[in-house]
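Please read the structure below before turning to the comments.
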Amino acid sequence: MLVSVIIPVYNCQRFLKNSIKSILDQSFKDFELICVDDGSTDNSTDIIRSFSDPRIKLLEHGINKGIFEALNTGIDVSCGDLIFRMDADDVATSNRIALQVDYMRNNPRIGISGTLAQFFDGNLLNKPVSNEYLKPSLLLDCPFVHPTVVIRREVLIKNQLKFSGYLEDYELWVKLSQVTEFGLLPEVLLKYRQSENQFTAQNFERREKEADLLRVRFAEQWLNRKLTSEEISIVILGTLPSKQPELKLVESFCKELINNNSWGSKQATLEVVKKLFFRNYFRSKESGRISFTVLKSSLLSVREKFNLLRKSKFSLS
């Protein structure tokens with residue numbers, strides 16, 4: 001089984017050598033490494049050319065087109081049955097490809113899977129969750145660390161799917177949720193580096209707006225209908241509405257999500273929907289005080305209601 005590893009490259013000369021080396025030193029050897037330079041103005045292409053390994057393919061855009069264009073260019077020329085993502089400033093463990101190939105072989109119904117990732121200071125970026133939790137969690141956030149992902153080529157080709165948009169990973173996962181199964185290998189197989197532009201206010205605001213649009217789209221897929229303006233206010237998490245919906249409406253919407261569960265595991269869906277309910281509760285006018293709406297809610301366990309009671313004031317709302 002030939003594997004294609006795709007690294008989009010843009011001005012990554014500081015960390016690129018170690019990233020490429022971590023792939024070339026893999027215990028699994030049957031792969032091609034496709035480096036797509038997206039108009040770098042530093043020495044990134046010279047670093048790539050300094051490696052003499054015949055498994056490396058260098059493609060050059062000439063101008064900066066964006067990461068999703070670089071990924072699609074790599075996919076278009078790839079030959080592997082499995083397409084691995086890798087970023088130019090991250091480092092893969094030496095057994096990453098071998099373990100993920102085995103995982104995909106042993107789970108033929110899974111079309112996309114990821115792993116755990118670790119910051120270079122040793123802290124985990126994500127936590128292990130059940131496979132059943134991954135799809136419904138798209139309602140809250142992106143369920144995968146993008147550079148840990150492997151996708152079956154046939155799933156992309158058959159469904160004519162490509163990366164697109166500012167949040168190229170999140171958007172593709174939403175589309176894939178309709179056509180294949182998700183999986184998570186609960187092992188740390190990548191050391192992840194946060195880029196500096198992730199922390200700019202302008203970049204963060206744009207990402208949150210795009211993420212909110214994808215959350216709404218996913219909720220509409222889930223319910224197979226358009227959301228009302230009030231329901232959109234419940235779903236969006238980054239751009240807070242000026243007027244927060246009443247908790248009774250939030251509870252009603254959450255119950256509809258549960259009743260229309262198509263992800264297999266009711267418990268996993270309930271876990272996701274509870275998080276949505278609590279996020280709305282803690283940003284509502286009733287935050288910090290308990291109400292009849294919360295006490296009567298069938299979404300919450302007795303323990304959860306008791307914990308809220310201990311921390312809150314009581315209200316007759």
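The values are calculated or read from the model by the stated rules, or taken from the named source; none is laboratory data. Quick caveat: nothing in here was measured; it's all calculated off a predicted structure. Glycine also receives a Cβ, built like all others from the backbone with ideal geometry; neighbour counts cover every protein chain displayed.
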Report summary line: Out of (1) buried (at least 20 other Cβ atoms within 10 Å of the Cβ); (2) closer than 17 Å to I151 by Cα, the one I20 does not meet is (2)
Requested in this report: Please identify the pairs in which a residue from segment 253-281 that is over 15 Å from L140 (Cα atoms) has its Cβ atom under 8 Å from the Cβ atom of a residue that is of a type in the set (A, V, I, L, M) and not in a helix (DSSP H, G or I), counting only partners at least 6 apart or on another chain.
Outcome: K255/L299
**Report entry** Count of residues meeting criterion [basic (K, R) and free of Cβ contacts under 8 Å to residues at least 12 places away in the same chain] in segment 53-73
**Finding:** 0
Query raised in the report: Which one of the conditions (1) at pLDDT below 85; (2) farther than 27 Å from N107 by Cβ; (3) not aromatic (F, W, Y) does G264 fail to meet, given that it meets all the rest?
Result: (2)
Requested in this report: Answer with yes or no whether S40 is touching a Leu at 6+ places or on another chain (Cβ under 6 Å), over 18 Å from K191 (Cα atoms) and among the polar types (S, T, N, Q).
Outcome: no
Query raised in the report: Are there any pairs with C-beta distances below 6 angstrom linking a residue in segment 287-313 that is under 21 Å from I258 (Cβ atoms) and in the same structural domain as K266 (by TED's automatic domain parsing) to a residue that is crowded, with 18+ Cβ neighbours inside 10 Å and at pLDDT below 70, with the two at least 6 apart or on different chains, and if so which?
Result: L308/I290
Report summary line: In segment 100-115, residues that are of a type outside the set (S, T, Y), more than 15 Å from L176 (Cα to Cα) and not in a helix (DSSP H, G or I) total 2
Query raised in the report: Counting just the residues of segment 78-101 that are over 19 Å from F15 (Cα atoms) and of a type in the set (S, T, N, Q), which one comes out surrounded by the fewest Cβ atoms within 10 Å (Cβ to Cβ)?
Result: N95
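Being outside the structural domain of V179 (by TED's automatic domain parsing) and modelled with pLDDT of 90 or more is the requirement here; does V273 meet it?
Yes; evaluated as a whole, the condition is true for this residue.
Working carefully through the options S301, S291, find the one that is at pLDDT below 75 and either hydroxyl-bearing (S, T, Y) or in contact with a Gly (Cβ under 9 Å, 6 or more places away or on another chain) (or both). Working first, answer last.
On the way: S301 fails: at pLDDT below 75.
Result: S291 is the single residue among S301, S291 that is at pLDDT below 75 and either hydroxyl-bearing (S, T, Y) or in contact with a Gly (Cβ under 9 Å, 6 or more places away or on another chain) (or both).
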Report task. May I ask you to say which residue of D53, D46 is acidic (D, E), within 16 Å of L33 (Cβ to Cβ) and either in the same structural domain as V188 (by TED's automatic domain parsing) or out of contact with any Lys or Arg (no Cβ under 9 Å at 6 or more places or on another chain) (or both)? Result -> D53
